[in-house]
Amino acid sequence: RAKSAGGNRSELADPEADARAITRHGLTTALPTALERGEFFIEYQPLVHLGDGSVRGAEALVRWLHPQHGVLGPDRFIPLAEHTGLIVPLGRWVLEESIRQARAWRERHAGQAAGPLRINVNLSPCQLTHPGLVQDTVDILERAGVTPDALCLEVTESALIGADDDLLKPLRRLAEMGVDIALDDFGTGYSNLANLRRLPVSILKLDRSFTQGMQQFPADPVDLKIVEGIVSLAHSLDLAVTVEGVETGAQAEQLRILGCDTAQGWYYARPGPPERLHDLALVDTTG
Ligand code: C2E
Ligand code: MG
Ligand code: MG
Ligand code: MG
């Protein structure tokens, strides 16, 4: 079909050909200038308190509106951005943009939200080792005029595996300033529970694979026991537990019963444009 129609246009109309056309090389050459061309945008997904259902924050998730291939998810280009070094300026841009949103959101809901609204931003391992991380973050917060408690940085467990003190130092500095640090995708890697005490984290984000185990009601008893154990360990270390990938009310209910604090997932909202945040997070005063 593509052949008879000829040319690039028909190739793009064919999803399979399109998938083949998105080669690693093609994206790598377009990536360095994508930031200057303003092709990245951020979607926000609310974080909901399981106890009272109120919105407490949102996670910033970056997307690339590629001129030929349309919207690409982070899994398609973050690894390339890490490989090429673009992740540092891209990450800075995501931080700046998200914190600007946090400020707007907080202003709009001053005194009306259940608690101080917060934006969660993902950090890749390359950003962690970049010497400008702490100063960049301080500058961005100051420029936006928001307090550090408006920000939660998400770092994956695997990024901190075997982390020595040099790697943890910037995170400690940020945590001391009042930025929350969350351990993302917890439970997927070689979870070293003893290691948790060393890390300057205040939140565990349980990976979606645990939530998937709660799809049926009642859930697999072994899955329940594992989550129960993680939650109790986390709470005993003063860590809050967030769960990702909640897609059904049954999952939300089981995770709430298990003592998880906050949840995120399609059941509440898919990631969406920042305007959507404006309607969220108002405390329902109608009882
Ligand atoms: P993550 O931080 O674990 O983010 C959660 C992912 O789960 C997001 O995928 C989100 O869209 C998806 N998700 C949320 N709720 C549900 C649900 O109910 N069901 C299912 N099946 N999925 C759900 P997304 O947006 O494709 O992001 C993938 C990963 O890319 C993120 O995983 C994060 O590691 C990375 N990422 C995203 N934005 C950034 C960024 O600005 N910087 C860096 N370094 N990494 C980012
Ligand atoms: Mg995350
Ligand atoms: Mg995650
Ligand atoms: Mg994940």
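The values are calculated or read from the model by the stated rules, or taken from the named source; none is laboratory data. Here the structure is a predicted model, which means the values were calculated and not measured. Ideal geometry is used to build each Cβ from the backbone, glycine not excepted, and the neighbour counts take in all protein chains shown. Keep in mind that these areas ignore ligands, DNA and RNA; they rest on the heavy atoms of the full protein, side chains included. Shrake-Rupley method; radii C 1.70, N 1.55, O 1.52, S 1.80 Å.
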### Message
Connecting C-alpha atoms closer than 10 Å in a GNM of the chain, tell me which of 126, 152, 260 has the biggest fluctuation.
### Response
126
### Task
Please state, to two decimals, what the Cα-based radius of gyration of the stretch 142-287 comes to when divided by 2.2 N^0.38 Å (N = residues).
1.13
### Message
Let me check against my output: what whole-number percent is the relative contact order of the chain, with C-alpha pairs under 8 Å and at least 6 apart?
### Response
19 percent
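Which longest uninterrupted range of the chain lacks any trypsin sites (Lys or Arg not before Pro) assigned by DSSP to a loop state (not H, G, I, E or B) and surrounded by at most 16 other Cβ atoms within 10 Å?
Formally, the longest exposed-site-free interval is 38-287.
Mind checking the per residue accessible area of the chain for me, 1.4 Å probe, whole number of Å²?
Working: 14460 Å² over 287 residues.
Computed with neighbouring chains in place, this is 50 Å² per residue.
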### Task
Hey, could you grab the Kirkwood Rh for the stretch 39-142? Inverse mean 1/r over distinct alpha carbon pairs, Å, one decimal.
15.0 Å
### Message
To test your reading of the geometry: what angle, between 0 and 90 degrees and rounded to tens, separates the Cα axis of helix 133-144 from the longest principal axis of the chain?
### Response
90 degrees
## Note on the structure
Counting only backbone N atoms under 19 Å from a point 7 Å out along Cα-to-Cβ of residue 248, the residues of the stretch 265-279 in range are 265-270
### Task
Tally the DSSP beta bridges in the chain and give the antiparallel ones as a percent, rounded to 5.
40 percent
### Query
Roughly how many Å is it from the Cα centre of the stretch 220-272 to that of the stretch 133-193, as a whole number?
21 Å
## Note on the structure
Projected onto the charge dipole of the chain (unit charges on the beta-carbon of Lys, Arg, Asp and Glu, signs +1, +1, -1, -1), the Cα from 105, 163, 234 with the largest positive-side position is that of 105
### Query
Using alpha carbons only, how many degrees (0 to 90, rounded to 10) separate the axis of helix 74-84 from the longest principal axis of the chain?
80 degrees
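Could you quote the convex hull projected area for the chain, Cα atoms only and averaged over all directions, in nm²?
Numbers: hull surface 70.5 nm².
Result: 17.6 nm².
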### Summary
Rounded to the nearest 500, the 222 nm mean residue ellipticity computed for the chain from DSSP H runs (n ≥ 4, each -39500 (n - 2.57)) alone is -13000 deg cm²/dmol
## Note on the structure
If one builds a Gaussian network model of the chain from Cα atoms under 10 Å apart, the most fluctuating residue listed among 36, 142, 244 is 36
## Note on the structure
Where a ≥ b ≥ c are root eigenvalues of the Cα gyration tensor, a/c under 1.5 meaning rounded, otherwise prolate if a/b exceeds b/c and oblate otherwise, the stretch 82-184 counts as prolate
### Task
With springs connecting C-alpha atoms under 10 Å apart, model the chain as a Gaussian network and identify which of 262, 29, 129 has the largest mean-square fluctuation.
29
### Task
At a 1.4 Å probe radius, which order do 261, 220 fall into by accessible area, largest first?
220, 261
